Amino acid sequence: MDRGVVVAEVGRTELAEIELEPPGPDEALVRLDATGVCHSDLHVLETGWAHELPVLLGHEGAGVVEAVGEGVEHVAPGDRVVLGWRSPCGRCPWCRRGDPRRCRTPPGPGQRLRLADGRPLSQTLQMGTFATRTIVHAAAAIPIADDLPAEQACLIGCAVATGVFSVLETARVWEGARVAVIGCGAVGLSAVQGARLARAAEIHAIDVDAGKAEAARAFGATHTGPSTRLDFVFDVVGRPETVAQGLEMLGHAGTLVYIGLPHPAATAALDLNALFDRRARIVVSHGGDHLPTEDFPRLAAWAVAGELDLAAMVSQTVGLEDVPRAFDDMRAGDVIRSVVML
């Protein structure tokens with residue numbers, strides 16, 4: 001019997017036995033090796049976040065394909081994969097016009113998971129990686145080289161792709177730009193590394209915890225604390241006060257990139273005159289607008305080459321039974337990333 005961390009009621013997790021059907025057409029059964037504990041999972045735990053309960057947590061995973069359904073050709077049993085929750089559907093208006101990075105309907109598997117008592121089990125972002133095994137749409141299983149440890153490879157699936165490609169894809173930061181990142185958790189530190197890869201001239205790390213901002217220097221930050229006249233500000237926190245702070249720091253024709261997942265009731269007031277006078281832009285990054293088939297291999301290659309530091313982002317490894325403690329550590333700000341090792 002497989003096991004997984006499940007939310008049956010908002011605010012409470014349980015380690016439960018789960019049952020999986022064989023994969024259907026265009027689906028893959030994946031044995032998880034590692035999965036990161038992300039703020040989005042905490043958001044599901046605390047709010048439900050548009051998921052049917054009970055829901056299997058987890059969406060940032062790496063593992064090995066055990067079986068595939070009819071029509072799957074790009075992966076086979078034994079292949080090592082990272083799971084990509086933003087894999088495009090290929091059918092929506094954005095995909096049809098050649099812009100798959102804007103796809104808003106990533107494909108998911110059929111209803112293949114259930115609890116031992118027979119209740120259907122939904123999957124966080126159609127992944128469900130806080131489990132010994134899961135079933136995903138095959139398009140979400142991205143082959144990855146064997147030379148990247150699983151605890152690092154899994155981070156590519158969300159935090160690293162979101163942060164790095166918010167810089168390289170959503171904002172398209174140019175060489176010599178002045179950049180700030182508000183929030184120095186896993187996504188924020190990935191954005192710092194993305195700015196370093198883009199050869200930004202200044203990278204300002206900002207966090208309410210001065211120690212976390214200072215620690216960002218090891219990932220490429222050149223300054224700590226707020227600044228002004230910036231070309232790009234990346235708001236990883238996603239609160240009204242950080243939006244306001246980010247807009248205040250922008251220079252002429254600067255861009256605020258909104259990354260953080262907002263609370264369901266969050267609103268923000270804007271100084272429209274300041275926005276107009278500065279000719280500022282506000283753009284939303286949805287997971288860095290990453291395209292897993294193209295971007296995961298690039299991230300893995302950068303990590304293996306030493307251009308992207310994933311090892312330092314893994315603060316601790318835990319077991320499935322330790323997920324509640326990992327959430328507590330996240331709330332306390334004591335970790336960059338906890339990784340569940342299966």
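Each value in this text was obtained by applying a stated rule to the coordinates, not by laboratory testing. Quick caveat, the model's predicted, so the values are computed rather than measured. Note: ideal-geometry Cβ built from the backbone for every residue, glycine included; neighbour counts use all protein chains shown.
Remark: region 19-36, residue by residue, has Karplus-estimated 3J(HN,Hα) of 10, 10, 7, x, x, x, x, 6, 10, 9, 9, 10, 8, 6, 9, 7, 8, x Hz, where x stands for each Gly or Pro and the curve is 6.51 cos²θ - 1.76 cosθ + 1.60 at θ = phi - 60°.
Axis of helix 186-197 versus longest Cα principal axis of the chain: the two differ by about 60°, to the nearest ten degrees.
Which one, Gly246, Ala266, Ser166, is farthest towards the positive end of the dipole of region 160-288 when Lys and Arg carry +1 and Asp and Glu -1 on their Cβ? Towards the positive end, the residue furthest out is Ser166. Here the Karplus curve 6.51 cos²θ - 1.76 cosθ + 1.60, taken at θ = phi - 60°, turns the phi angles of region 208-219 into couplings of 5, 8, 4, x, 5, 5, 5, 5, 5, 4, 5, 9 Hz, with x standing for Gly and Pro. Spin-label model, Glu73 to Glu321: label points 7 Å out along the Cα-to-beta-carbon direction sit 4.6 nm apart.
Fully extending the segment from Glu19 to Glu52 would add 10.1 nm, taking 0.36 nm per residue of separation and subtracting the current Cα-Cα distance.
Taking the C-alpha atoms only, the angle from helix 292-304 to the longest principal axis of the chain is near 70 degrees. About its Cα centre, the dipole of the chain is roughly 1080 debye, where the only charges are +1 on Lys and Arg Cβ and -1 on Asp and Glu Cβ. With R₀ set to 30 Å, the beta-carbon distance separating Arg91 from Ala116 gives a calculated FRET efficiency near 0.30. Can you bin region 235-342 into rounded, prolate or oblate? Criterion: square roots of the alpha carbon gyration tensor eigenvalues sorted a ≥ b ≥ c, rounded for a/c under 1.5, prolate for a/b above b/c, oblate for the rest. Taking the square roots of the gyration eigenvalues as a ≥ b ≥ c, region 235-342 is oblate.
What you get for region 195-263, charging only the Cβ of Lys and Arg (+1) and of Asp and Glu (-1), is a dipole of about 220 debye around the Cα centre. Here the spin labels are modelled as points 7 Å beyond Cα on the Cα-Cβ line, and at Asp2 and Ala253 they lie 5.1 nm apart.
Neighbour counting of Cβ atoms within 10 Å sorts the residues His286, His252, His59, His74, fewest neighbours leading, into His252, His74, His286, His59.
Across region 81-87, coupling constants 3J(HN,Hα) worked out from phi with the 6.51/-1.76/1.60 Karplus curve, θ = phi - 60°, read 9, 10, 8, x, 6, 9, 4 Hz, and Gly and Pro carry x. Placing unit charges on the Cβ atoms of the charged side chains and taking the dipole of region 1-121 about its Cα centre, the candidate lying farthest along the positive direction among Cys38, Gly90, Val72 is Gly90. Annotation: the residues Val64, Val173, sorted from fewest to most other C-beta atoms within 10 Å of their own C-beta, follow the order Val64, Val173.
For the chain, what is the mean residue ellipticity at 222 nm derived from helices alone (per DSSP H run of n ≥ 4: -39500 (n - 2.57); sum divided by total residues; nearest 500 deg cm²/dmol)? Per the formula, -6500 deg cm²/dmol. Which of rounded, prolate, oblate describes region 160-288, given a ≥ b ≥ c as roots of the alpha-carbon gyration tensor eigenvalues and a/c under 1.5 marking rounded, otherwise prolate only if a/b is larger than b/c? Note, shape of region 160-288 comes out rounded. At full extension, Thr132 and Val64 could sit 23.4 nm farther apart than now, given 0.36 nm per residue minus the alpha carbon distance. Relative to the dominant Cα principal axis of the chain, helix 240-249 is inclined by about 40°. Each part gets one Cα centre, and for region 129-199 versus region 238-313 those centres are 13 Å apart.
The calculated FRET efficiency for the pair Glu214 and Ala311, based on their C-beta separation and a Förster distance of 22 Å, comes to about 0.70. For the chain, modelled as a GNM whose springs connect Cα atoms under 10 angstrom apart, the maximal fluctuation among Val65, Val236, Val208 occurs at Val208. Residues whose amide H lies under 5 Å from that of Gln111, counting only those 5 or more places away or on a different chain, are absent; hydrogens are built 1.01 Å from N in the peptide plane.
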